[in-house]
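Structure record follows, encoded as structure tokens.
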Amino acid sequence: MVLNLPRLYAITDSKRYPDMLQRLEKALKKGIRMVQLREKELSGLEYYQLAKKVRGLTQDYDAMLFINDRVDIALAVGAEGVHLPEKGLPPSVVKRIAPNLLVGYSAHSLEKALWAQEEGVDFITLSPIFKTQSHPELEPVGLNLLMEVSQRLSIPVYALGGITWDRIKLCYKNGAYGIAGIGLFFDRVDSNWGTHG
């Protein structure tokens, strides 16, 4: 069953944005309905405390919350799901220990995308589509791979990495179900995002 998930997926980075909570609320006001709390530098306790605050915000705006990597924190704050990095727990293990959580997965190749689908994930992000500020060392996987992955998978594929508002239509034309991003949503929360579709 393919889920009817929101098309835009905002990913947090409080190191890059010390005022992340304020920016997140503005993004939610603009219509973001799916958020990944991705905070790699926090201790378990700090991550949990921040997750509780973000959970409160997402509930206020009827948005879905995914916690990066930490199944325990996702369960502790009542998030809708968890988003697994390539070096995280196998998705099938998460599905077994937390059957009510939705599971997203970060794929960087066709092989990993196909594997993730076999493992039972609900959606994937494919990255980086373009050169990206957050991972300048990574070679972009490109629009051709996005098209191939989108055609081969029966679950939603979110394009991630170096996406600007001008490039969103390119991603949709090449098969993306939705668009994920950090700077895309958090850099310009006070200005007009423009149209997408």
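The values are calculated or read from the model by the stated rules, or taken from the named source; none is laboratory data. Just so it is clear, the structure is predicted and the values come from calculations on it, not from any experiment. Reconstructed Cβ throughout: ideal geometry from the backbone, glycine too, with neighbour counts over all protein chains shown. Just so you know, the surface numbers come from the protein's heavy atoms only, side chains and all, with ligands and any DNA or RNA stripped out. Shrake-Rupley method; radii C 1.70, N 1.55, O 1.52, S 1.80 Å.
Is it true that Tyr48 is over 23 Å from Gly161 (Cα atoms) and in contact (Cβ under 8 Å) with a residue 24 or more places away in the chain?
yes
Could you check the stretch 55-66 and list, in sequence order, the residues that are in a helix (DSSP H, G or I), within 15 Å of the chain's Cα centre (by Cα) and either among the hydrophobic types (A, V, I, L, M, F, W, C) or loosely packed, with under 14 Cβ neighbours inside 10 Å (or both)? Before you say what the answer is, go through the steps one by one.
Residues of the stretch 55-66 in a helix (DSSP H, G or I): 55-60.
With within 15 Å of the chain's Cα centre (by Cα) added as a condition, the list becomes 58.
Hits for the stretch 55-66: nothing passes.
Given Val82, Val93, which one is of a type in the set (Val, Ile, Thr) and touching a Phe, Trp or Tyr at 6+ places or on another chain (Cβ under 8 Å)?
None of the other options fit; the residue is Val82.
Take the residues in the stretch 172-190 that are assigned to a helix (DSSP H, G or I) and over 17 Å from Leu5 (Cα atoms), then tell me which one is most open to solvent (accessible area, probe 1.4 Å).
Looking at the filtered set, the residue picked out is Lys173.
Consider only pairs whose beta carbons are under 8 Å apart and that are at least six residues apart or on different chains; among these, list those whose first residue lies in the stretch 71-83 and is over 15 Å from Gly56 (Cβ atoms) and whose second residue is of a type in the set (D, E, K, R).
Gly81/Asp122; Val82/Asp69; Val82/Arg70; His83/Arg38; His83/Asp69
Out of Pro6, Pro18, which single residue is open to solvent by 10 Å² or more (accessible area, probe 1.4 Å), under 17 Å from Phe123 (Cα atoms) and either in a loop (DSSP other than H, G, I, E, B) or not aliphatic (A, V, I, L, M) (or both)? If you could, list the steps in order and put the result at the bottom.
Working: Pro18 fails: under 17 Å from Phe123 (Cα atoms).
Of Pro6, Pro18, the one residue that is open to solvent by 10 Å² or more (accessible area, probe 1.4 Å), under 17 Å from Phe123 (Cα atoms) and either in a loop (DSSP other than H, G, I, E, B) or not aliphatic (A, V, I, L, M) (or both) is Pro6.
Please identify the pairs in which a residue from the stretch 93-104 that is free of Cβ contacts under 8 Å to residues at least 12 places away in the same chain has its Cβ atom under 6 Å from the Cβ atom of a residue that is open to solvent by 10 Å² or more (accessible area, probe 1.4 Å) and aliphatic (A, V, I, L, M), counting only partners at least 6 apart or on another chain.
Matching pairs, first to second residue: none at all.
Tally time: how many residues in the stretch 101-143 are open to solvent by less than 10 Å² (accessible area, probe 1.4 Å) and part of a helix (DSSP H, G or I)?
Final tally of qualifying residues: 2.
Step by step: first the residues of the stretch 21-38, then only those that are touching a strand residue (DSSP E or B) at 6+ places or on another chain (Cβ under 7 Å) and assigned to a loop (DSSP other than H, G, I, E, B), then the one that is nearest to Met64 (Cα to Cα). Which residue is that?
Arg33
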